[in-house]
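Report on one structure; see the data block that follows.
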Amino acid sequence: MPKVTGRVAAIKVDRDGSRLAEIACPPEAIPGAGQYVLAWAPADRDSPLATTVFSARRKQNSFLAAPQLPASWAPGTQLEMRGPLGHGFSPPANCRRVALAAFDRGLQRLLPLIFQAISNQADVTVFSDTALPGIPAAVEVFPLGDLPTVLTWADYLALDLPRRAIPHLRERLGLAPGVALACPTQALVFTAMPCGGAAECGACALPSRRSWKLACKEGPVFDLNDLEW
């Protein structure tokens with residue numbers, strides 16, 4: 001994957017208080033929903049490692065990067081970027097009822113799905129226990145504890161799932177052992193992906209029903225039924 005040059009065009013604070021960076025870059029380098037890029041600032045000697053960056057909102061020649069970015073990034077910071085990398089979300093084309101659940105700090109990594117679903121005139125429901133960023137008024141919002149109710153009506157369910165939440169997911173969904181989800185479900189498993197698939201270091205390996213899967217290459221978005229949970 002060739003490298004491209006980007007630039008921090010602006011730093012913004014969303015309604016939920018999270019710090020977002022608007023990154024200007026070639027359109028082909030903008031990650032899709034659930035994909036990522038590895039980005040680093042060559043001039044920043046205090047943060048020499050690449051940062052995994054997801055898109056919260058896309059523009060023509062820039063995108064808003066989801067939170068958890070280096071504090072040293074400021075307007076004008078020059079970036080080297082590699083990507084887009086990995087597999088992103090792929091909702092069914094004809095789904096009319098979309099449910100999104102954020103088990104991590106916020107909804108930013110799921111935001112592209114919200115705007116995509118609304119543009120397709122689908123109903124969108126969000127489940128989250130954290131402060132919400134700016135989302136359209138048409139989106140219904142419920143606490144995570146209400147998530148089991150969605151399984152009876154959703155056409156598609158997307159999860160933002162930190163790795164540590166996988167062992168407890170069946171309980172959070174209210175499913176008995178061995179019971180499968182009735183609707184198509186994809187999960188963005190958020191975990192460290194230091195090599196971005198270049199070295200297959202194994203740091204992001206996740207147990208699946210048949211073997212192990214690397215989040216950096218075969219994810220970070222997975223069909224939930226392919227994982228061991």
Original post:
Just how much of Ser119 is accessible, in Å², when a 1.4 Å probe is used and the result is rounded to the nearest 10?
Top reply: 80
Original post:
Per the 1.4 Å probe, what fraction of the accessible area of the chain, in percent, lies on carbon and sulfur atoms?
Top reply: 52
Original post:
Mind checking the dipole of the chain: about its Cα centre, +1 per Lys or Arg Cβ, -1 per Asp or Glu Cβ, Debye to the nearest 20?
Top reply: 300
**OP:** Rank Ile114, Ile166, Ile30 by mean-square fluctuation in a GNM of the chain with C-alpha springs under 10 angstrom and give only the top-ranked residue.
**Re:** Ile166
Subject >> Radius of gyration and Dmax over the Cα atoms of the stretch 1-84, both given in Å >> reply: 11.5, 35
**OP:** Show Lys12, Lys59 ordered by accessible area, largest first, where the area counts protein heavy atoms only and the probe is 1.4 Å.
**Re:** Lys59, Lys12
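Hey, with R₀ at 30 Å, roughly what FRET efficiency would Ala138 and Leu181 work out to, going by the Cβ-Cβ distance, to 0.05? Working shown, then result.
Working: r = 25 Å, r/R0 = 0.84.
Taking R0 as 30 Å, the efficiency between Ala138 and Leu181 is 0.75.
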Original post:
If one puts a single equal scatterer on every Cα of the stretch 9-56 and applies the Debye formula without solvent, what log₁₀ I(q)/I(0) results at q = 0.23, 0.24, 0.29, 0.31 Å⁻¹?
Top reply: -1.04, -1.10, -1.21, -1.21
Subject >> Set of aspartates and glutamates near Lys12 by C-alpha distance (under 20 Å), chain-local residues within fewer than 8 positions excluded >> reply: Glu22
Subject >> Dmax and Rg, reported as Rg then Dmax, of the stretch 23-160 (C-alpha, Å) >> reply: 16.2, 52
**OP:** Report the label-to-label distance for Trp212 and Ser119 in nanometres (one decimal), using points 7 Å from each Cα along the Cα→Cβ vector.
**Re:** 3.8
Original post:
Say the dipole of the chain comes from +1 at the beta carbon of Lys and Arg and -1 at that of Asp and Glu; which of Gln78, Ser119, Val179 then lies farthest toward its positive end?
Top reply: Gln78
**OP:** Can you check what the net charge comes to around Ser208, using other residues whose Cβ is under 9 Å from the Cβ of Ser208 (Lys, Arg +1; Asp, Glu -1)?
**Re:** 0
Subject >> Considering only the chain, percent of DSSP beta bridges that pair antiparallel, nearest 5 >> reply: 60
**OP:** Can you tell me how much longer the chain between Ala43 and Ile11 gets when fully stretched, taken as 0.36 nm per residue apart minus their C-alpha distance, in nm with one decimal?
**Re:** 9.7 nm
Original post:
Just the accessible area per residue of the chain, please: how many Å² with a 1.4 Å probe?
Top reply: 47
Original post:
Just the Cα atoms of the stretch 90-229, one point each, no solvent: what log10 I(q)/I(0) does Debye give at q = 0.14 Å⁻¹?
Top reply: -0.65
Subject >> Set of aspartates and glutamates near Lys3 by C-alpha distance (under 17 Å), chain-local residues within fewer than 8 positions excluded >> reply: Glu28, Glu80
Original post:
Local charge sum around Asp226 (other residues, Cβ-Cβ under 12 Å, Lys/Arg +1, Asp/Glu -1)?
Top reply: 0
Original post:
For Trp153 and Ala71, what is the calculated FRET efficiency with R₀ set at 35 Å and r taken between the beta-carbons, to the nearest 0.05?
Top reply: 0.25
Original post:
Considering the zone a paramagnetic label at Glu171 would reach in this model (a point 7 Å from Cα along the Cα-to-Cβ line), which residues of the stretch 200-229 have amide N under 16 Å from it?
Top reply: 229
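The values are calculated or read from the model by the stated rules, or taken from the named source; none is laboratory data. Because the structure is a prediction, the values reported are computed rather than measured. So basically every Cβ, Gly included, is an ideal-geometry build from the backbone, and we count neighbours across all protein chains shown. To get the accessible areas, we keep the full protein, side chains included, count just its heavy atoms, and leave off ligands, DNA and RNA. Shrake-Rupley method; radii C 1.70, N 1.55, O 1.52, S 1.80 Å.
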